[in-house]
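The values are calculated or read from the model by the stated rules, or taken from the named source; none is laboratory data. The structure displayed is predicted, hence computed values, not measured ones. All Cβ positions, even for glycine, are placed from backbone atoms using ideal geometry, and neighbour counts span all protein chains on display.
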Amino acid sequence: METGLRDRVAIVAASSQGIGRATAEAFAAEGCRVAMCARNRETLNQAADKIRGQYQTEVLAEPFDVTDAGAVRDFVSAVVQKFGSADICVTNAGGPPAKGFLATTIDEWKRAVDANFMSVVYFAHQVIPHMQKKKWGRILTITSISTKQPVPDLVYSNAVRAAVVGLVKSLANEFGKDGILVNNVAPGYTATDRLIDLAKARAKASGKTEKDMLDAFAADSPLKRLGDPRELADTIIWLASDRASYITGQTILVDGGVYKGM
């Protein structure tokens, strides 16, 4: 399938591992020039080197924290200086800790908002003017099935991810006239470190094993398995492509059917 993505510039946040890394690899496979960021310099550079070698594409990798508005600004500026544009921006950040409400703290609430909501604001502020100049752009947020139905023990995510959906809708409405599409991709139970953390939290609370919890997550899906990060990445590629040019303001679930609503 021709995606129209060759030579586009794709920014992928939190891309040293998991869904972010799979997404960066998928854009590289489509012939994009890729800009990657994450907090851990070593794992980020390892991921970037692998992508450069495997796909023979240009990769810019910068370690920083996406809760730092100045660092986001400098990164996007460096991307545009190196590649000439910022066509696609995939926002992403590690999820907040798994807890019930009474175990939460005010500091953790603030960190959850900064990491999982404000980081999207920071990136959008920086990339939209560049997209407006070209009359073409894609902003894609990676959130969670919790935007559709709350997940037990993930109260931070349940609350903050919903705010991202409101922002996605608002940006889609405001900037559609500029050729900028804004969508949200919401994974279900996907085989990542994040899911392992959730399994550990539930195992500790229930007296069961981590494997019991992971098996239960898989059993909750009609497909009876966990998602693969590459399946999320494939959806993101499609939404960024010319094949999805009339889709904006939407939340696309990639959850194996876990969401039971209509």
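The table below lists the values:
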quantity	calculated
The range 6-15: number of residues that are over 12 Å from the mean Cα position of the chain (by Cα), surrounded by 21 or more Cβ atoms within 10 Å (Cβ to Cβ) and not β-branched (V, I, T)	2
Qualifying position, being in contact with a Phe, Trp or Tyr (Cβ under 7 Å, 6 or more places away or on another chain) and buried (at least 23 other Cβ atoms within 10 Å of the Cβ), among I139, I128, I145	I145
Helices (runs of 4 or more DSSP H) (entirely within the range 160-262) containing at least 2 residues that are of a type in the set (G, A, S) and outside the structural domain of I88 (by TED's automatic domain parsing)	193-206, 210-219
Residues of the range 96-109 classified as out of contact with any helix residue (DSSP H, G or I) (no Cβ under 8 Å at 6 or more places or on another chain) and either in a loop (DSSP other than H, G, I, E, B) or of a type in the set (D, E) (or both), total	2
Filtered residues of the range 27-57 (kept if in contact (Cβ under 8 Å) with a residue 60 or more places away in the chain and either assigned to a helix (DSSP H, G or I) or among the small types (G, A, S) (or both))	F27
Among the residues listed as D87, D65, the single one being of a type in the set (D, E), surrounded by 21 or more Cβ atoms within 10 Å (Cβ to Cβ) and at pLDDT 95 or above	D87
Qualifying residue in the range 239-250 (condition: surrounded by 20 or more Cβ atoms within 10 Å (Cβ to Cβ), under 22 Å from L5 (Cα atoms) and either modelled with pLDDT under 95 or among the hydroxyl-bearing types (S, T, Y) (or both))	yes
Flag for A78 being part of a helix (DSSP H, G or I), more than 18 Å from the chain's Cα centre (by Cα) and over 17 Å from T23 (Cβ atoms)	yes
So A93, is it aliphatic (A, V, I, L, M), within 20 Å of D193 (Cβ to Cβ), modelled with pLDDT of 95 or more and assigned to a loop (DSSP other than H, G, I, E, B)	yes
Matching residues, the range 214-258, being closer than 28 Å to D87 by Cα and aliphatic (A, V, I, L, M)	L232, A233, I236, I237, L239, A240, A244, I247, I252, L253, V254
Residue within the range 139-158 that is part of a helix (DSSP H, G or I), among the aliphatic types (A, V, I, L, M) and under 22 Å from M36 (Cα atoms) present	no
All positions within the range 154-192 that are over 16 Å from the mean Cα position of the chain (by Cα) and buried (at least 18 other Cβ atoms within 10 Å of the Cβ)	L154, V155, Y156, A159, L171, A172, F175, I180
